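The values are calculated or read from the model by the stated rules, or taken from the named source; none is laboratory data. All values derive from a computational prediction rather than experimental measurement. Neighbour counts are summed over all protein chains in view; Cβ atoms, including those assigned to glycine, are modelled from backbone coordinates with ideal geometry. Side chains are part of the model used for accessible areas, which takes the heavy atoms of the whole protein and leaves out ligands, DNA and RNA. Shrake-Rupley method; radii C 1.70, N 1.55, O 1.52, S 1.80 Å.
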Amino acid sequence: MSVTAIQNKLKIIDRSKTFQGFVIFVIVVSALSIGAHTYHLPQWLDKSLWVLDIVITVFFLFELIIRYIASDGAKSFCSKGWNIFDTIIVIGSLIPSGGSTVLLARLLRIFRVLRLVSMVPELRMLINALLKAIPRMGYIVLLMFVIFYIYGAVGSMFFAHVNEFLWGDVSIAMLTLFRISTFESWTSIMYETMAVYPLSWMFYLSFIFLTTFTFLNMMVGTILDVMAEESRLMNELKAQRALDEHIDDDMKSSAAASYKTGHQTTELAHSMVQDRPYASVEDMQKLHDKIDQLTALVVQQQASGSTHSGDNIAAK
């Protein structure tokens, strides 16, 4: 068997929904095994989990090898960030969990649960949307820091003598403001300063409206905008793949029809030659007529196949 044939078979296996579903199942089992190690288990069960961990690690290694061989070279494999991520996780899982590396090995095995993200397209879409939204969110975070700093400086100036622990300096005041933005017992802080400054409620309410209601909604809107764009791209990619598969099926059908027609023509010519070693002009004319008829039939089949493909594409 040639290398290309092996690669094509591995591509079919790698893209198979059954194989991908089994990989997801193994990832879930791996996550449950890692969680089970946090309990005090009997010795026999602990050894069984240790053997299961070795089997899972070997399976992940073979799955990664299959994916690498199925890809079109190392450049194509490394061009996808999720492949690099899975490679790091799998190679890290090969570190023996003994001696001084036991903590590192356990941590890397915990991160194997993240492989679930790389296997599920919808989860990949969410992570990609979050990563693409970070640059946009950076400006919102910068503006929030400016607001926090201004309010922290003002709060430290006015409320430091009320409660040194909460408003002693600008850094502590910003930490207090973060607590207020999460609505964690913020009313007790407000009532404490209102006992000295009755209008200090304006300070707290304006800060909450700016940070919690305005900037938080801006972040959510930014993430939703990027997620909508990623969802559109994913749907377009699925539609393109379905279209490519449909066109490939039509091309295979047309090629099969052409091969069948050509085979019939060859058999006709061969039979005529066997019947008469020296064909007459009349026989040659009949053969040409038959070839013309078969050629017209092939053209008609290809035209009807293209029309059928166009109708399916329009219906989609």
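Quick notes
- The number of residues in the stretch 26-54 that are under 16 Å from residue 110 (Cα atoms) and either within 20 Å of the chain's Cα centre (by Cα) or in a helix (DSSP H, G or I) (or both) comes to 16.
- For the stretch 74-105, residues that are farther than 26 Å from residue 50 by Cα and modelled with pLDDT under 75 total 0.
- Condition broken by residue 223, with the remaining ones in (1) surrounded by 12 or more Cβ atoms within 10 Å (Cβ to Cβ); (2) free of Cβ contacts under 8 Å to residues at least 24 places away in the same chain; (3) within 46 Å of the chain's Cα centre (by Cα) satisfied: (2)
- Every condition in (1) in contact (Cβ under 8 Å) with a residue 40 or more places away in the chain; (2) of a type outside the set (Gly, Ala, Ser); (3) open to solvent by 60 Å² or more (accessible area, probe 1.4 Å) holds for residue 154 except the one numbered (3).
- Residue check for residue 179: of a type in the set (Lys, Arg) and more than 21 Å from the chain's Cα centre (by Cα): yes
- In the stretch 172-188, the residues that are more than 13 Å from residue 209 (Cα to Cα), open to solvent by 60 Å² or more (accessible area, probe 1.4 Å) and not in a helix (DSSP H, G or I): 184
- Hey, residue 4 among the polar types (S, T, N, Q), part of a helix (DSSP H, G or I) and surrounded by fewer than 14 Cβ atoms within 10 Å (Cβ to Cβ) or not: yes
- Number of residues in the stretch 146-171 that are more than 49 Å from the chain's Cα centre (by Cα), among the aliphatic types (A, V, I, L, M) and part of a helix (DSSP H, G or I): the value is 1.
- There is no residue in the stretch 192-215 that is assigned to a loop (DSSP other than H, G, I, E, B), within 19 Å of residue 149 (Cα to Cα) and either among the aromatic types (Phe, Trp, Tyr) or open to solvent by 40 Å² or more (accessible area, probe 1.4 Å) (or both).
- Residues in the stretch 37-59 include at least one that is within 30 Å of residue 125 (Cβ to Cβ), open to solvent by less than 40 Å² (accessible area, probe 1.4 Å), of a type in the set (A, V, I, L, M, F, W, C) and at pLDDT 85 or above.
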